[in-house]
């Protein structure tokens with residue numbers, strides 16, 4: 001059997017890659033995909049704990065996380081479309097109207 | 001772990017983990033967002049395989065249908081809709097962040113591994129839902145067991161999720177809406193009428209001024 005720590009390690013690596021992606025990428029769509037990657041890494045942790053504790057609650061949490069991710073993607077992509085209409089760019093550094 | 005005996009599940013896990021990590025790196029290093037989206041789909045499908053290994057078949061199917069299906073189609077659709085060319089950033093204020101990324105990556109990983117080193121859990125044996133005389137609701141990860149928990153103990157979070165999705169529908173409609181053509185024409189007409197009225201008033205006042213001067 002695969003030990004629990006292996007799953008947790010893979011989840012940590014994927015989450016960290018997502019964080020690094022948010023830091024180095026400037027394209028707002030790719031930023032969004034990095035957020036999805038991080039959500040998925042957390043899902044992997046939840047499912048593996050669910051398996052190793054023999055409790056189904058973790059999988060329920062994953063279900064709700066997926067629903068939230070779907071809602072977030074829909075609203076976020078609508079915001080991206082509105083931003084692109086007004087600014088003609090997807091670079092997050094160009095949308096700095098609220099910055100001093 | 002004194003010795004790591006490699007059996008079939010471990011080899012499968014290593015293969016899946018390798019694919020997932022490579023695809024995730026490809027996701028953040030690509031310049032073209034469509035390649036990023038494709039590598040994210042690869043990662044999501046591999047995660048579904050890992051969910052199957054963790055005896056969560058329902059979550060694995062949902063992962064493929066909702067994530068790799070619905071959400072990623074939405075992403076690809078928006079990328080195609082906006083038809084973005086590869087654009088070089090005009091302002092690159094965040095240049096120093098790229099140099100901070102690698103040490104941050106290592107520090108975060110080191111922290112997590114420091115904790116994970118002490119994790120030593122054994123997976124409890126679970127009943128196969130297909131075994132004779134087994135109620136599927138008692139087995140982990142089946143649709144029956146998840147539905148059992150969802151509609152009894154966790155019914156309130158479930159209903160809250162439906163309200164959240166309703167709000168997301170309304171919000172995205174409102175955000176992505178374009179002003180209707182006839183609305184714009186009506187506003188322009190109203191503006192034109194107002195402008196001509198103002199001009200008229202201006203002219204009559206000028207005329208009366210001239211009369212007063214005369």
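Since every read-out is calculated from the coordinates, none of them should be taken as a lab result. Treat the numbers as computed from the prediction; the structure is a model and nothing was measured. Note that we place each Cβ from the backbone using ideal geometry, even for glycine, and neighbour counts take in every protein chain shown.
The rows are residues; the columns are (1) touching a residue at least 12 places away in the same chain (Cβ under 8 Å); (2) surrounded by fewer than 21 Cβ atoms within 10 Å (Cβ to Cβ); (3) under 16 Å from residue B:58 (Cβ atoms).
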position	(1), (2), (3)
A:3	no, yes, no
A:19	yes, yes, no
A:25	no, no, no
A:29	yes, no, no
A:34	yes, no, no
A:37	yes, no, no
A:40	yes, no, no
A:44	yes, no, yes
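If I go through the stretch B:150-170 residue by residue, how many of them are closer than 15 Å to residue A:65 by Cβ, in contact with a helix residue (DSSP H, G or I) (Cβ under 8 Å, 6 or more places away or on another chain) and in a helix (DSSP H, G or I)?
7
Got a number for residues in the stretch B:148-172 being surrounded by 14 or more Cβ atoms within 10 Å (Cβ to Cβ) and more than 7 Å from every other protein chain (Cβ to nearest Cβ)?
Number of matching residues: 2.
Name every residue in the stretch B:115-136 that is at the interface with chain A (Cβ under 8 Å from one of its Cβ atoms), within 21 Å of residue B:56 (Cβ to Cβ) and assigned to a loop (DSSP other than H, G, I, E, B), in order of residue number.
Of everything in the stretch B:115-136, those that are at the interface with chain A (Cβ under 8 Å from one of its Cβ atoms), within 21 Å of residue B:56 (Cβ to Cβ) and assigned to a loop (DSSP other than H, G, I, E, B) turn out to be B:119, B:121, B:122, B:123, B:124, B:126.
Exactly one of these conditions fails for residue B:182: (1) more than 27 Å from the chain's Cα centre (by Cα); (2) closer than 30 Å to residue B:136 by Cα; (3) surrounded by fewer than 10 Cβ atoms within 10 Å (Cβ to Cβ). Give me its number.
Exception for residue B:182: condition (2).
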